Amino acid sequence: MLVCPKCRLPLVRHEKTYHCSARHSYDIAKKGYVNLVLGNQKISGDSKEMVDARTLFLSAGYYQVLADKLIELLKEIKPDMLIDAGCGEGYYTRQFHDCGNQIIAFDLSKPALNTAAKLDQDTIYAIASIFDMPIGDASADCVVNIFAPTPVDEINRILKKDGILIKVGPGAKHLHGLKEVLYDEVYDNEEESVELKGLTHIQRVNVTDQIHLMSNDQIKALFMMTPYYWKTSQASAARLNTLTELSTEIDFLIDLYQK
Ligand SMILES: C[S@@+](CC[C@H](N)C(=O)[O-])C[C@H]1O[C@@H](n2cnc3c(N)ncnc32)[C@H](O)[C@@H]1O
Ligand SMILES: [Zn+2]
């Protein structure tokens, strides 16, 4: 369960507040999430613009194949306590309902958790850095970590013995079609090393598909979700301005690790 970010004692919910026995308390926002970032720490994470772009794109179902595979894997694992580390606006989290007894999701982005908590009353959504999660040692049966930073030591700390990490990142051909529009010369994505300190890699699942985007809004939203949004020149990004259709590969790597 959640612990107090100030003193690490367990947090108990009473109506619209979480509190610990040392009388530190944290109000639940109107939208339903709790802010567990201490006053002197910075809240960053994705902006509202980035969150809205991801919502627009994901809600069209283009990445449902990934969600379906994750649900299948989680149903085999049957975690009692499932943590989503870097949940964004909860597109995947809210589909995990039947996969875990208790689900807690952390992200640093307020706009993301606004959307997530509004659409899903069954999950506990908390603003917190995933590098310092307000949850006890060895308390999670499974951690999912989808297109977000991977704080290996912290994930190791919160996983129970034999607990599972499910990490999702891009495969070599992910968004190849989008890159063909943006760049004259297109290279495959470099795959990260599969090694994670302190965890044993047990399985890799590759999910691929071809998607067809049918509007400029969706193409721009997809672009904004990617790292290319930050590193593409204005002139190259302008190539998307008049585009109304786009076909591209999607290629996800799901890596499973055991503590
Ligand atoms: C690319 S998004 C992925 C969101 C979601 N998992 C998905 O796939 O739709 C990465 C998320 O990680 C969050 N994030 C980045 N650094 C973080 C940190 N140190 N602690 C918590 N969340 C973080 C961002 O706010 C953002 O919502
Ligand atoms: Zn406390």
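The values are calculated or read from the model by the stated rules, or taken from the named source; none is laboratory data. These figures come from a predicted structure and were not determined experimentally. Here the Cβ is made from the backbone with ideal geometry for all residues, glycine too, and neighbour counts use every protein chain on show. Surface accessibility is based on the protein's heavy atoms, side chains included, excluding ligands, DNA and RNA. Shrake-Rupley method; radii C 1.70, N 1.55, O 1.52, S 1.80 Å.
Some notes on this structure:
- Accessible area per residue in Å² at 1.4 Å probe, computed on the range 69-157: 35
- Packing order of peptides 26-36, 107-117, highest average first: 107-117, 26-36 (average count of other Cβ atoms within 10 Å over each peptide's residues).
- DSSP-defined beta bridges in the chain - what % are antiparallel, rounded to 5: 60
- Degrees, to the nearest 10: 110-119 long Cα axis against longest axis of the chain: 80
- Within the accessible area of the range 12-258 (1.4 Å probe), percent carbon and sulfur: 49
- Zone of GLU72's modelled label, taken as backbone nitrogen in the range 178-203 under 16 Å from a point 7 Å along Cα→Cβ: 203
- Classified by the C-alpha gyration tensor, the range 12-258 has a prolate form. Its axis ratio a/c, with a ≥ b ≥ c, is 1.5 or above, and a/b is larger than b/c.
- Gain upon complete extension [HIS212, GLU245; 0.36 nm per residue less C-alpha separation]: 11.2 nm
- Among 144-156, 221-233, the peptide with the highest mean count of other Cβ atoms within 10 Å heads the list, and the full ranking is 144-156, 221-233.
- Helix 64-77 axis, angle to the chain major axis (alpha carbon atoms, nearest 10°): 40
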